[in-house]
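The structure under discussion appears below in the form of structure tokens.
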Amino acid sequence: MSWIRISLLAALLLCAFSQPLFSATKEFLSVQVRQGQLRSTPSFLGKVTATLAYGDKVELIEDKGAWKMVTIRKIKGWMHMSALTTKTIALQAGKANVKTGATSGELALAGKGFNAKVEAEFKSKNKHLDYAAVDRMERIFTFKPDRVQAFLKQGKISPEGPER
Amino acid sequence: MKRKTFFLCLFLSAALLFCGCQATLTTTTKVTTQAEKKGVISPEKAKSIKKSTAKIAKADSKRREEFTPEQEYYIGRSVAAVIMNKYPSYTSQPVNEYLNLIGQALAQVSDMPEIFLGYRVLILNSDEINAFATPGGHIFITKGLLRCCRTEDAVAAVLAHEIGHIQLKHGIRAIKQERLIEFGKTIVTEIGGDKLLETFDGAIGDFTNMMINTGYSRPFEYAADDVAQTLLRRLGYDPNGLVEVLMVMEKKLNPEDTGFGKTHPPPQDRIDKVLKKTGIKYSPVLTPQVRQIRFMKNIGNI
């Protein structure tokens with residue numbers, strides 16, 4: 001058998017065996033928003049079945065464009081890709097606070113870069129800035145998905161774009 | 001000849017150093033091509049300049065990607081605090097709620113519906129015609145700008161434009177290059193303390209200076225208008241809402257005004273770009289009566 005044939009055969013065997021190996025590799029993603037919502041269908045109209053915390057590591061099951069079917073702690077659901085990252089998010093203490101959606105002052109996050117601690121130092125040097133007003137702005141205007149849908153319906157606004 | 005080359009190189013380096021963005025990359029490439037055509041620099045020199053320009057821009061863009069949604073959120077909170085220090089808030093709960101419903105519905109159909117905390121809108125009690133958005137999703141719109149809106153579709157267009165700035169990360173691009181390098185170092189070495197605070201302080205300064213004093217570059221404004229058109233169409237608002245509000249602003253804005261007039265391209269330029277891009281002729285906004293009634297109830301007397 002010539003070297004060319006042997007090489008071709010080796011390449012074919014490698015492809016045949018490596019395929020199942022690659023497909024068996026699990027892919028994990030991390031939740032990169034404070035509260036990531038899992039939905040029953042790949043759409044913002046889908047019912048919220050669970051809320052995941054910042055830094056939660058989920059396994060990717062299925063990919064449907066911008067929507068990813070993921071699983072964690074035996075729960076399955078769809079998440080929008082903008083809520084997920086391939087980077088690992090290392091949380092320090094205070095994860096429970098993140099889960100309950102507590103105010104930023106109580107969060108103790110990864111410790112790298114700009115975080116609540118840096119903000120606190122900046123705030124102490126800029127006492128004229130009113131962070132309580134920012135907290136109010138963030139806290140007050142939170143709506144349930146049904147409320148947004150009702151608002152659209154009432155205003156006769158009918159979506160015509162991609163899946164939501 | 002050598003003198004010319006020296007000055008060209010000096011100009012290009014200065015432009016890259018001070019701006020370090022995609023727009024500069026394009027400008028530098030264009031200037032280099034022209035200089036090459038006119039024989040000011042050799043083709044080899046031109047190739048070398050273009051190569052190093054692209055390399056710098058790539059490194060710059062990578063540094064900007066280091067910002068996670070969480071970090072964008074913290075930059076955004078402090079920028080929001082600075083804005084709220086400069087402008088008083090308009091405290092009507094129902095009117096602010098109305099704007100938040102429009103904003104959050106638009107965000108849902110965008111390419112980036114989920115950001116760290118989500119999108120929030122607040123009205124500023126100012127007659128100035130202006131709007132701001134932070135990388136953390138805080139959107140501010142003045143009473144003056146709301147008075148330029150004749151329909152809910154026009155209000156949606158303004159909010160969609162601001163969502164566009166957030167999603168295209170235009171604010172992050174305002175942060176100076178040397179600060180990004182410093183930020184990159186602190187991320188790698190995990191050095192916190194004074195150096196990180198200094199970088200944060202500088203980043204907030206860069207951002208607010210750009211928003212309040214200089215404004216985004218014209219290509220960024222046109223790009224945010226493109227996003228606005230897309231979001232209006234996807235959600236089901238009349239895309240003519242954007243042209244409608246720009247037409248009112250064109251009449252109301254004084255070129256010597258501070259605020260929006262100073263930091264944005266003339267509305268007529270934006271109207272021309274929008275119409276050229278979409279290839280449609282403007283027609284007055286078609287808004288159902290029920291939508292117009294709620295618009296008038298909330299914004300009519302603002």
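The values are calculated or read from the model by the stated rules, or taken from the named source; none is laboratory data. Given the structure is predicted, the values throughout are model-derived calculations rather than measurements. Because the Cβ atoms are built from the backbone with ideal geometry, glycine has one as well, and the counts that use them run over all protein chains shown. Remember, those area values only see protein heavy atoms, side chains included, never the ligands or the DNA or RNA. Shrake-Rupley method; radii C 1.70, N 1.55, O 1.52, S 1.80 Å.
Got a sec? Which helices (runs of 4 or more DSSP H) wholly within the range B:193-302 have at least 3 residues that are surrounded by fewer than 18 Cβ atoms within 10 Å (Cβ to Cβ)?
Working: elements: B:193-209, B:218-235, B:240-252, B:260-263, B:267-278, B:289-299.
Here the list reads B:193-209, B:218-235, B:240-252, B:267-278, B:289-299.
Just checking, does the range B:220-231 include any residue being among the aromatic types (Phe, Trp, Tyr), within 17 Å of the chain's Cα centre (by Cα) and at pLDDT 85 or above? For the range B:220-231, residues among the aromatic types (Phe, Trp, Tyr), within 17 Å of the chain's Cα centre (by Cα) and at pLDDT 85 or above: present.
Cβ-Cβ contacts under 6 Å between residues 6 or more apart (or on different chains), taken from a first residue in the range A:127-143 that is without any contact (Cβ under 8 Å) to a residue 40 or more places away in the chain to a second residue that is part of a helix (DSSP H, G or I) and open to solvent by 50 Å² or more (accessible area, probe 1.4 Å), are listed as A:Leu129/B:Asn85; A:Tyr131/A:Lys123. Against the condition within 20 Å of the chain's Cα centre (by Cα), within 14 Å of another protein chain (Cβ to nearest Cβ), open to solvent by 30 Å² or more (accessible area, probe 1.4 Å) and within 22 Å of B:Ala81 (Cβ to Cβ), how does B:Lys176 come out, does it pass? Considered against the rule, which asks whether it is within 20 Å of the chain's Cα centre (by Cα), within 14 Å of another protein chain (Cβ to nearest Cβ), open to solvent by 30 Å² or more (accessible area, probe 1.4 Å) and within 22 Å of B:Ala81 (Cβ to Cβ), B:Lys176 comes out as no. For the range B:162-180, a tally of residues being of a type in the set (D, E, K, R) and modelled with pLDDT of 95 or more returns 1. Hey, any hits in the range B:97-117 for a residue that's free of Cβ contacts under 8 Å to residues at least 60 places away in the same chain, facing chain A (nearest Cβ under 8 Å), out of contact with any Phe, Trp or Tyr (no Cβ under 6 Å at 6 or more places or on another chain) and on the phi > 0 side of the Ramachandran plot? Looking through the range B:97-117, none of the residues is free of Cβ contacts under 8 Å to residues at least 60 places away in the same chain, facing chain A (nearest Cβ under 8 Å), out of contact with any Phe, Trp or Tyr (no Cβ under 6 Å at 6 or more places or on another chain) and on the phi > 0 side of the Ramachandran plot.
Cβ-Cβ distances below 6 Å connect the following pairs, each with a first residue in the range B:206-222 that is within 16 Å of B:Arg179 (Cβ to Cβ), a second residue that is open to solvent by 20 Å² or more (accessible area, probe 1.4 Å), and a separation of six or more residues or different chains: B:Asp206/B:Ala174; B:Asp206/B:Lys176; B:Phe207/B:Ala174; B:Thr208/B:Val82; B:Met210/B:Ala174.
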